[in-house]
Protein chains: 2
Amino acid sequence: MKNPQGCASMQAFAISGIPAVKQGCDIGRLILDAIAPMDLALLPSDVFVIAQKIVSKAEGRTRQAGAIEAGPQARDIAARSGKNAAKVQAILDESSEILRVVDAPPDGIVIARHKAGWVCANAGIDESNLGDELAADTLLLLPEDPDASARGIAETIADATGVRPGVIISDTFGRPWRRGLLNVAIGVDGVVPIVDWVGKKDAYGRRLNVSQQALADEIAAASGLLMAKDAATPVILFRGIEWDRSASARAVDYVRHPNEDLFK
Amino acid sequence: MKNPQGCASMQAFAISGIPAVKQGCDIGRLILDAIAPMDLALLPSDVFVIAQKIVSKAEGRTRQAGAIEAGPQARDIAARSGKNAAKVQAILDESSEILRVVDAPPDGIVIARHKAGWVCANAGIDESNLGDELAADTLLLLPEDPDASARGIAETIADATGVRPGVIISDTFGRPWRRGLLNVAIGVDGVVPIVDWVGKKDAYGRRLNVSQQALADEIAAASGLLMAKDAATPVILFRGIEWDRSASARAVDYVRHPNEDLFK
């Protein structure tokens, strides 16, 4: 299929061959090994989206629920939500604020503001289906600093190939007024989170009116189209996207300032 | 670039050649005309994402602010938000509930629940940069029934080609706790809004753990990557996505029931 007028196009590939990730794995190195058999010369405009779960595993961001002693607040929230009190304590330890507590059998939901600023269910802690290599009561936390994780992966790839692609670390968040979950960017290297096109012109001189485009979140959301149906493809490669590069791009720029939060 | 292990991939194309859309235009016919010069045999798994703005224009979903008389509630909200009272009246007329009123100079923001259920800024009304063919005080409303709009476009394409692709009508919404705007699906034909993979297995027998994947929203979000930088590409074609088809798919299924709304 060709687009004869030269209009924009993009492609995305699920990278196969990423093995089960254990603590201490080098995600950048695993990606390099996985793309080695592909007939692929990396471009600076390529973007890798990486599932948070493998980054957290590589960084050893785990706790064992059985080893956590729940305090009074955790026990109170557990009673209201139906959640395990040790898991609630882990959520509290990861959070700066609890926004809502929901009794949602068979498990409850705690909407929390993660210490990094993200508002999400259960402070982003995964607690199920983490793979055979982790004990059954393992809780998987968000990376300590996902922007730094993304930077490290980009540097590993750049050192090995001479090309520094964009890197996005994505997690799956719910939305307050829409059912269903969407992948969002919680860490970036290179890719600017938000682009404002208002007043700029397109290639044909037409005025653009796209305000505050959530660019990295768009790429993260698109990655879900290829991640969902194959448990072994936690890395997606995008080619053909035009994106603004900044050495200071940080996904935490998505966090609204507290005085912009209309729905606390 | 090939992906030798046969892993999933997808492509997206910005469809060029869509002209300025006026009331009465047949969007399905415009798409057929635009793809005619492309070397393209449509597949049933293809998905078109169409910007709400051209659908609303084709359906004549406009009001002139100058012809609207603001009532007491609109005048009160206008005073609090800095918005024009006639525009606020139009928002009220489109909404079932006002959630928040924000004074955000140079213009205010009214977070409203649209009559269809969507919670979004200004009830989804566009009021700027609508093109030379509309008067300066034109307000562009959401389509009356975007799922029906999507169905009509899919039927036009199916009647002409014998192939019924998926169709998504997208609009750009903000998020309460994340800065930046993302395209979401407000109308669908064929494409199931939410897919639950929990407990299903992938092609290799591995258990999947993706809950409530917001499939149509993922596709809509991805379309923003190609729509933002070219004012003349309000239609994006996706190829290679695997999606569940249902004749009863409706984007309004994204709307949370009022008793699920934690943040009213």
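The values are calculated or read from the model by the stated rules, or taken from the named source; none is laboratory data. The model shown is predicted, which means the values in this text are computed figures rather than measured ones. Because the Cβ atoms are built from the backbone with ideal geometry, glycine has one as well, and the counts that use them run over all protein chains shown.
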**Request:** Determine, yes or no, whether B:Ile157 is touching a Phe, Trp or Tyr at 6+ places or on another chain (Cβ under 7 Å) and assigned by the TED database to the domain that holds B:Ser223.
**Result:** no
**Asked** Only one of (1) out of contact with any Pro (no Cβ under 8 Å at 6 or more places or on another chain); (2) within 12 Å of chain B (Cβ to nearest Cβ) is not met by A:Ala214, so which one is it?
**Response** (1)
**Asked** B:Gly28 fails exactly one of the following numbered conditions: (1) farther than 17 Å from B:Glu127 by Cα; (2) within 11 Å of chain A (Cβ to nearest Cβ). What is the number of that condition?
**Response** (2)
**Message:** If I ask for residues that are assigned to a loop (DSSP other than H, G, I, E, B), buried (at least 22 other Cβ atoms within 10 Å of the Cβ) and touching a residue at least 24 places away in the same chain (Cβ under 8 Å), which ones from the stretch B:144-186 would you list?
**Reply:** B:Pro165
**Prompt:** Would the stretch B:245-257 turn up any residue that is outside any helix (DSSP H, G or I), closer than 30 Å to A:Arg100 by Cα and either among the aliphatic types (A, V, I, L, M) or within 8 Å of chain A (Cβ to nearest Cβ) (or both)?
**Reply:** yes
**Fill in**
Checked the stretch A:192-234 for anything surrounded by 24 or more Cβ atoms within 10 Å (Cβ to Cβ) and polar (S, T, N, Q); matches are A:Gln213, A:Ser223
**Request:** Determine which member of the set B:Pro19, B:Pro37 is away from chain A (no Cβ under 12 Å), closer than 22 Å to A:Ser9 by Cβ and at pLDDT below 95.
**Result:** B:Pro19
**Item:** Entirely in the stretch A:20-104, the helices (runs of 4 or more DSSP H) that have 2 or more residues that are in contact with a Pro (Cβ under 7 Å, 6 or more places away or on another chain), of a type outside the set (S, T, N, Q) and within 30 Å of A:Glu242 (Cα to Cα)
**Value:** A:52-58
**Message:** For the structure I just gave you, tell me whether B:Gly124 is within 30 Å of B:Arg239 (Cα to Cα) and more than 13 Å from the chain's Cα centre (by Cα).
**Reply:** no
**Message:** With the structure loaded, tell me whether B:Arg250 is over 25 Å from B:Pro19 (Cα atoms), basic (Lys, Arg), surrounded by fewer than 24 Cβ atoms within 10 Å (Cβ to Cβ) and in contact (Cβ under 8 Å) with a residue 24 or more places away in the chain or whether it fails that test.
**Reply:** yes
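Does the stretch B:62-97 hold any residues that are of a type outside the set (A, V, I, L, M) and farther than 21 Å from B:Pro143 by Cβ, and which are they?
B:Gly66, B:Glu69, B:Gly71, B:Pro72, B:Gln73, B:Arg75, B:Asp76, B:Arg80, B:Ser81, B:Gly82, B:Lys83, B:Asn84
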**Prompt:** For the stretch B:118-143, what are the residues that are assigned to a loop (DSSP other than H, G, I, E, B) and in contact with a Phe, Trp or Tyr (Cβ under 8 Å, 6 or more places away or on another chain)?
**Reply:** B:Trp118, B:Leu142
**Request:** Scan the stretch A:85-112 and report the pairs whose first residue is closer than 15 Å to A:Thr62 by Cα and whose second residue is among the basic types (Lys, Arg), with Cβ atoms within less than 8 Å and a gap of 6+ or a chain change.
**Result:** A:Val88/A:Arg75; A:Ala90/A:Arg63; A:Glu94/A:Lys115
